[in-house]
Amino acid sequence: MTGIVLVTHSGLGESLRHQAEVILGKMVPMTTVSISYGADPDLALDELIASLGMGQDSGGVVVLTDLPGATPHNLAQKAAEARGVPVISGVNLPMLLKVINHADKPPNELAAVASLGGHQGILNS
Amino acid sequence: MIRRSIKLTNRLGLHARAASKLVQTASEFKAEVWLEHNARRINAKSIMGVLMLAAPCGTELSMEVDGPDEGEASEALVRLIEGRFGEGE
């Protein structure tokens, strides 16, 4: 199984995780890292590196972030770079549900699935 | 291959939790399961696919089940849908 790490602005990741668990009717193993506006970037980076390290012990990990260019994403990108971990930005509930349902895929494949799921959930109807 | 149509009778239709139960049930079987509504045909083992059907109460879904355990799969799915996904109404 590929580990899922959600790196978002304050509280968003926890909220997404909660809604996914309600919809799927089960607990979903994933790590959420919340970066508050006043957070020390160096400490946050250390926390992120540790989170990715835990995920790496199993079948690898993918990182989902909320907003490209924002601090949570930039720090995640920095932490992931050294380990070759894929980072996918723009997380939404469709992306998260898709990733959870396909977590048996290896990280790079799961990253492609995540991107597809995120796009699938955007309709202009 | 089994083909049949089935009507959604639960008040909220194929909403998120119902879709999730449908996917979980379909995924218990080897058979492929396809659902069709409004000319959209989707894999019933895909949560996003099922949600994209956006099927409300009263919708008549076409279901196609194909595989070694298609009979059991079809029965389980019909049971789930006719049982209103375990919802009261």
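Results, tabulated for the structure shown:
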| item | result |
| --- | --- |
| First in region B:1-21 and away from chain A (no Cβ under 14 Å) and more than 15 Å from residue A:94 (Cβ to Cβ), second anywhere and part of a loop (DSSP other than H, G, I, E, B) and hydrophobic (A, V, I, L, M, F, W, C), Cβ under 7 Å, 6 or more apart | B:8/B:14; B:8/B:55; B:8/B:57; B:9/B:57; B:10/B:57; B:11/B:57; B:13/B:55; B:13/B:57 |
| Any pair with Cβ under 7 angstrom, 6 or more apart, that starts in region B:46-57 at a residue that is at the interface with chain A (Cβ under 8 Å from one of its Cβ atoms) and ends at one that is part of a loop (DSSP other than H, G, I, E, B) | B:48/A:121 |
| Residue match in region A:85-100 (condition: within 14 Å of chain B (Cβ to nearest Cβ) and of a type in the set (S, T, N, Q)) | yes |
| Elements of type strands (runs of 3 or more DSSP E) in region B:1-59, at least 1 residues being over 18 Å from residue B:75 (Cα atoms) and not hydrophobic (A, V, I, L, M, F, W, C) | B:32-37, B:40-43 |
| Those residues of region A:84-111 which are over 13 Å from residue A:2 (Cβ atoms) and touching a strand residue (DSSP E or B) at 6+ places or on another chain (Cβ under 9 Å), in sequence order | A:87, A:89, A:90, A:91, A:95, A:96 |
| When residues of region B:69-89 are limited to those that are in contact with a strand residue (DSSP E or B) (Cβ under 8 Å, 6 or more places away or on another chain) and over 18 Å from residue B:30 (Cα atoms), the one surrounded by the fewest Cβ atoms within 10 Å (Cβ to Cβ) | B:82 |
| Count of residues meeting criterion [closer than 20 Å to residue A:2 by Cα and either more than 10 Å from every other protein chain (Cβ to nearest Cβ) or surrounded by 14 or more Cβ atoms within 10 Å (Cβ to Cβ) (or both)] in region A:14-30 | 11 |
| Residue list for region A:106-119, restricted to those being surrounded by 17 or more Cβ atoms within 10 Å (Cβ to Cβ), within 14 Å of chain B (Cβ to nearest Cβ) and over 20 Å from residue A:74 (Cβ atoms) | A:113, A:117 |
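Every number here is computed from the coordinates shown, using simple stated rules; none is lab data. Fair warning: this is a prediction, and the values are worked out from it, not measured in the lab. Note that we place each Cβ from the backbone using ideal geometry, even for glycine, and neighbour counts take in every protein chain shown.
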